[in-house]
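Asker: Got a structure for you, written out below as structure tokens; questions coming shortly.
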Amino acid sequence: MSDPSPTLTPPARPALSVPDLLVAVGVLIVGALLLIGTLKIPFGINAFVGPRVFPMIVSVGTLALGALLLVATLRGHRAEPAAEEDSDPDAQPDLRQPGLILGGFLIGSLILVPLGFVVGTAVMYFSVGFAFGERRLPLLAGVALIVALITYVVFTRGLGLTLPPGILKGVL
Amino acid sequence: MDALTSLFAGFETALTPLNLLWALIGVTLGTLVGVLPGIGPALTVALLLPVTAKLPPVSAFIMFAGIYYGGMFGGSTTSILLNTPGESSSIITALEGNKMARRGRAAAALATAAIGSFVAGTIGTILLTFAAPAIAEIAVQIPPSAKFALIMLAFVTISATFGGSPLRGLISLFLGLAIGLIGTDLQSGQARFTLGYPELLDGIDFVTVVIGLFAIGETLFVASRLRKDKASVIKLEGNASMNREDWRRSWKPWLRGTALGFPFGAIPAGGAEIPTFLSYTLEKKLSKHPEEFGKGAIEGVAGPEAANNASAAGVLVPLLTLGLPTSATAAILLAAFQQYGLQPGPLLFVTSPELVWGLIASLYIGNVMLLALNLPLAPVWAKLLLIPRPFLYAGILVFSTVGVYSLNNSVFDLFLLAIFGVIGYGMRRFDFPVTPAIIGVILGPVAESQFRTAMQQSGGDMSVFVRQPLSAFILLIVVAALVVPQVLKARAARQGTVG
């Protein structure tokens, strides 16, 4: 659902947009999965409306809306990417940058407990900064560590939350 | 006079030194986070939730009140100096205010926005003070079937009536409803859609969904299509201030904006967009300088900004009296109440008066604090806009991580956050609005429980929704809200092709 093929100049006769088609099919699949999940919920007892009724409404509704979206897409409707404030609507979408952020985020999440909050979030910070085009790497790494450290101290000491200390256990 | 007595009691709660401090921290943090580009009031409140985790409910809500109003104030600074509205209701402020700033009138634009927000916020809070208890008194008698109908009305108006495509809004809503289903069914104890993960038995925390869809989704989307040129922040010389002429041209738009904004916030009609646009059109029509509009007319900042803040106060009326959020921010406030085991609604005025009235009193206090914070300190907030984007977005991500991780101290939640981030990216790429999904997640379970209570009471008879007059009437509006715009659109299209 993240195929980025850009909609440059809309042609006179609307051509079928493959990414939009995939989204419509995706909604239908979600609806179908919800329906399968709904049928697995046991009937409740002693209730006029059991635990199945609402999920049934939601899954059938999702299927119906997915069908409508499919029809609209087949008739040539296509979605315009949102105009977010910091983004360039005319820029060529580049999926490497979000990939980089997600990768950094997942690595950071995995090492969050064993190596600690500070190291984990510093990795996340670094990957986002890098993906957004910062190339002064020592500076970025320094800021990443400082931000992670300050966040850790404020939230654990000041607000009493528990965050994993990891390798800094005993130091902080 | 009951409202006044209760309000004074509320001030007694809110004016203790400690609660004043929480209010001050709330407005400061709210402004601070709200000023950051890319973060609207809804995300501001969601991101700051962990900060209140260890507070008692009254202090937490006093702080929320400050964050809520502070986020709104902060947004106007970003709109004016950077031309980046944090949410759709600030578009007009950005449009007209940024032009003013470019003409060297940044100080006046910031001042009219801040003072207008103060005026609107205060009048709105006064209206809230008197309307809320009256509505709560009526609301106690509303049967579950009508409450269910009201939620349907909120669903339809928020997702289908406004915004680009009703179909896409409804799909977004259903996505939210589906997410809301995950977890143990409270009435029967059945696990639903947990895919065997014990972590999902408690359901997915709304904070994870909100931060994923809003903050992570936005980060991924912006990263995928980065703007190459540097955003131009307008320098602000000195404090935010207005001259005599500015005052003369601002005060009427403030009042008119307030009059438009409050009712639109109070009815379930999809937030602050409509009144800000209406206010802008109205001011343009009434102005003696219509030629200035689009080039930086002060009325075009004063009116919409007042409408925006008045609707923020209006939104609290259905939230506190019916438990019905009509904007994404209100939905997050509702969920925050639920985290404390409180259900906003008419009974809250009876069961937790010190909380409700402390909250309302702190809205007055927060407004005054915000005015004091924003006029002289405007240059300080403006400095925040100079944070380079790589550092800014990286910081938002780290803050999101703290917020989500600290809910359950679980890395599993961080994986969920990443999934919702990808979904949020897809929603932006394919033009699905995010707000209906948030409303669906938070109101879906409430809708289900009202529906089941209504059915229980009627002995399983579905016709209760048509026989109960209020329910039938509201459901009729729901159907009309779905059908009428479509008919009008089809008609306009036909006339368009004929004529």
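The values are calculated or read from the model by the stated rules, or taken from the named source; none is laboratory data. What you are looking at is a predicted structure, and each value in this text was computed from that prediction instead of being measured. So basically every Cβ, Gly included, is an ideal-geometry build from the backbone, and we count neighbours across all protein chains shown. Each accessible area value is taken on the protein alone, full model and side chains, heavy atoms only, with ligands, DNA and RNA left out. Shrake-Rupley method; radii C 1.70, N 1.55, O 1.52, S 1.80 Å.
Asker: Using r as the Cβ-Cβ distance of A:M56 and B:A9, and R0 as 51 Å, what FRET efficiency do you calculate, to the nearest 0.05? If you can, show how the numbers build up before the last one.
Answerer: Values: r = 47 Å, r/R0 = 0.92.
It comes out at approximately 0.60.
Asker: Moving to a separate point now. Skip the ligands, DNA and RNA, and give the accessible area per residue of chain A with a 1.4 Å probe, whole Å². Show your work: numbers first, answer last.
Answerer: Numbers: 9050 Å² over 172 residues.
Heavy-atom SASA per residue in chain A reads 53 Å².
Asker: Next up: How far apart, in nm, are the 7 Å Cα→Cβ label points at B:L347 and B:V380?
Answerer: Reported label-point gap for B:L347 and B:V380 is 4.4 nm.
Asker: Next question. From Cα pairs below 8 angstrom and at least 6 apart in sequence, can you work out the relative contact order of the stretch A:58-152, rounded to a whole percent? Don't skip to the answer; put the middle values down first.
Answerer: On the way: 62 pairs, mean separation 19.5, N = 95.
Taking the mean separation of contacting Cα pairs over the length of the stretch A:58-152, I get 21 percent.
Asker: Also, quick follow-up: How large is the helix-only mean residue ellipticity at 222 nm for chain B, computed as the sum of -39500 (n - 2.57) over DSSP H runs with n ≥ 4, divided by its residue count, in deg cm²/dmol to the nearest 500?
Answerer: Values: 20 runs with 348 residues, N = 499.
That calculation yields -23500 deg cm²/dmol at 222 nm.
Asker: What's the average, rounded to a whole number, of partner chain beta-carbon atoms within 10 Å of each residue's beta-carbon in B:385-392? Display every interim value, and only then the final one.
Answerer: Details: counts 0, 0, 0, 4, 6, 13, 10, 4.
Mean number of neighbouring Cβ atoms from other chains: 5.
Asker: Additional query: Just read off the accessible area of B:Y364 with the full protein assembly in place, 1.4 Å probe, to the nearest 10 Å².
Answerer: The value for B:Y364 is about 40 Å².
Asker: Averaged across the residues of A:30-37, what count of C-beta atoms belonging to other chains lies within 10 Å of each residue's C-beta? Numbers along the way, then the final one.
Answerer: Numbers: counts 4, 3, 0, 2, 5, 0, 0, 7.
For this peptide, the per-residue mean of nearby foreign Cβ atoms is 3.
Asker: What part of the accessible area of the stretch B:70-142, given as a whole %, is carbon or sulfur when the probe is 1.4 angstrom? Can you show the working numbers first?
Answerer: Working: 1400 of 2160 Å².
The computed percentage sits at 65.
Asker: May I have the count of lysine pairs in the stretch B:203-343 with C-alpha atoms under 21 Å apart, counting pairs 8 or more residues apart or located on different chains? Kindly include the intermediate steps, with their values, before the conclusion.
Answerer: Numbers: B:K235/B:K295; B:K252/B:K284; B:K252/B:K285; B:K252/B:K288; B:K252/B:K295; B:K284/B:K295; B:K285/B:K295.
Lysine pairs, 8 or more places apart or on different chains, close enough: 7.
Asker: Using mean Cβ contacts within 10 Å as the protection proxy, how do A:123-129, B:459-465, B:10-16 order, highest first?
Answerer: On the way: A:123-129: 26.4, B:459-465: 13.1, B:10-16: 18.3.
Result, highest mean first: A:123-129, B:10-16, B:459-465.
Asker: Once phi is turned into ³J(HN,Hα) by the Karplus curve 6.51 cos²θ - 1.76 cosθ + 1.60 with θ = phi - 60°, what whole-Hz value does each residue of the stretch A:154-171 show in order, with x for glycine and proline?
Answerer: Residue by residue, the stretch A:154-171 yields 4, 6, 7, 7, x, 10, x, 7, 9, 10, x, x, x, 5, 8, 4, x, 7 Hz.
Asker: Now for a separate question. Out of A:L100, A:L70, A:V58, whose Cα points farthest toward the positive end of the dipole of the stretch A:14-138 (charges: +1 Lys, Arg; -1 Asp, Glu; placed on Cβ)?
Answerer: Going by the charge dipole, the pick is A:V58.
Asker: A further question follows. B:D205 accessible area, nearest 10 Å², 1.4 Å probe?
Answerer: 40
Asker: Now a separate question. Taking 0.36 nm per residue of separation and subtracting the Cα-Cα distance, what length does fully extending B:F412 through B:Q190 add? Write down the numbers at each step before the final one.
Answerer: Details: separation 222, 0.36 × 222 = 79.92 nm, distance 2.20 nm.
Taking B:F412 through B:Q190 to full extension adds about 77.7 nm, to one decimal.
Asker: Quick check on packing: order B:397-410, B:338-351, B:179-192, B:234-247 by the mean number of other C-beta atoms within 10 Å, highest mean leading. Could the numbers behind the result be given before it?
Answerer: Details: B:397-410: 21.8, B:338-351: 16.7, B:179-192: 19.1, B:234-247: 14.7.
Going from most to least packed, we get B:397-410, B:179-192, B:338-351, B:234-247.
Asker: Related question: Going from most exposed to least, what order do B:H289, A:H77 have by accessible area with a 1.4 Å probe?
Answerer: On the way: B:H289 55, A:H77 115 Å².
So the residues, ranked largest to smallest area, are A:H77, B:H289.
Asker: Using amide H atoms built in the peptide plane, which far-off residues or other-chain residues are under 5 Å from B:A191 H to H?
Answerer: For B:A191, whose amide H was placed from the backbone, the distant partners under 5 Å are B:D185.
Asker: What does the accessible area of A:V30 come to, in Å² to the nearest 10, when a probe of 1.4 Å is used?
Answerer: Solvent-accessible area, nearest 10 Å²: 70 Å².
Asker: For chain A, calculate the relative contact order in percent as a whole number, restricting contacts to Cα pairs under 8 Å that are 6 or more residues apart.
Answerer: In percent, rounded to a whole number, it is 18.
Asker: Using alpha carbon centroids, what distance separates the stretch B:172-245 and the stretch B:370-405, in Å?
Answerer: About 18 Å separates the Cα centre of the stretch B:172-245 from the one of the stretch B:370-405.
Asker: Considering only B:I204, B:S59, B:L355, whose Cα is most displaced toward the positive end of the charge dipole of chain B, charges sitting on Cβ of Lys, Arg (+1) and Asp, Glu (-1)?
Answerer: Checking the options against the dipole of chain B, the answer is B:I204.
Asker: For a Förster distance of 41 Å, can you work out the FRET efficiency between the beta-carbons of B:A472 and B:D2, rounded to the nearest 0.05? Don't skip to the answer; put the middle values down first.
Answerer: Working: r = 32 Å, r/R0 = 0.78.
The computed FRET efficiency comes out at 0.80.
Asker: With solvent modelled as a 1.4 Å probe, how much accessible area in total do chains A and B shield from it at their shared surface, in Å² to the nearest 100? Spell out each step's value before the answer.
Answerer: Working: alone 12380 and 21430 Å², together 27180 Å².
Buried surface at the A/B interface: approximately 6600 Å².
Asker: Tell me the mean residue ellipticity at 222 nm calculated for chain A from its helices only (DSSP H runs of n ≥ 4, each -39500 (n - 2.57), averaged over every residue, nearest 500). Write out the running numbers ahead of the final one.
Answerer: On the way: 5 runs with 94 residues, N = 172.
When only DSSP H runs of four or more count, the value is -18500 deg cm²/dmol.
Asker: Could you work out how far the C-alpha centroid of the stretch A:136-159 sits from that of the stretch A:24-71, in angstrom?
Answerer: Cα centroid of the stretch A:136-159 versus Cα centroid of the stretch A:24-71: 45 Å apart.
Asker: Continuing with the same structure: Taking θ as phi - 60°, what are the ³J(HN,Hα) couplings along the stretch B:297-313 by the Karplus curve (6.51, -1.76, 1.60), each to the nearest whole Hz, with x for Gly and Pro?
Answerer: Rounded to whole hertz, the list is 8, 5, 4, x, 9, 4, x, x, 5, 5, 4, 4, 6, 5, 5, 4, 6.
Asker: Let me ask something else. Pull up the cross-link candidates among the aspartates and glutamates for A:K40, meaning alpha carbon to alpha carbon under 18 Å and not fewer than 8 places away within one chain.
Answerer: Filter leaves B:D185.
Asker: How many nm is it between the label spots at B:L286 and B:Q456, if each spot is 7 Å from the Cα in line with the beta carbon?
Answerer: Computed distance between label sites B:L286 and B:Q456 equals 5.0 nm.
Asker: Moving on to the next point. Would you mind giving the mean number of other chain beta-carbons within 10 Å of the Cβ of each residue in A:110-120, as a whole number?
Answerer: On the way: counts 3, 1, 4, 4, 0, 0, 0, 5, 0, 0, 5.
The mean count of partner-chain Cβ atoms within 10 Å per residue comes to 2.
Asker: Run the accessible area of the stretch A:51-144 with a 1.4 Å probe and give the carbon-and-sulfur part as a rounded percent. Each step should come with its number before you reach the end.
Answerer: Values: 2850 of 4100 Å².
Solvent-exposed carbon and sulfur of the stretch A:51-144 make up 70 percent of the total.
Asker: Something else: Can you give the FRET efficiency to the nearest 0.05 for A:V18 and B:N243, using r as the Cβ-Cβ distance and R₀ = 51 Å? Don't skip to the answer; put the middle values down first.
Answerer: On the way: r = 57 Å, r/R0 = 1.13.
With R0 = 51 Å, the Cβ-Cβ based efficiency is 0.35.
Asker: Give me the dipole magnitude in Debye, nearest 20, for the protein assembly as shown about the Cα centre, with unit charges on the beta carbon: positive for Lys and Arg, negative for Asp and Glu.
Answerer: On the way: 41 positive and 35 negative charges, 232 e Å.
That gives a dipole near 1120 debye.
Asker: Here's a follow-up. Rounded to whole Hz and in sequence order, give me ³J(HN,Hα) for the stretch A:121-129 from the Karplus expression 6.51 cos²θ - 1.76 cosθ + 1.60, θ = phi - 60°, writing x for Gly and Pro.
Answerer: Along the stretch A:121-129, the couplings run 6, 5, 4, 4, 4, 4, 5, 5, x Hz.
Asker: Roughly how many debye, to the nearest 20, is the charge dipole of chain B about its Cα centre, given +1 on each Lys and Arg Cβ, -1 on each Asp and Glu Cβ, and no other charges?
Answerer: Values: 31 positive and 25 negative charges, 351 e Å.
Computed about the Cα centre, the dipole is about 1680 debye.
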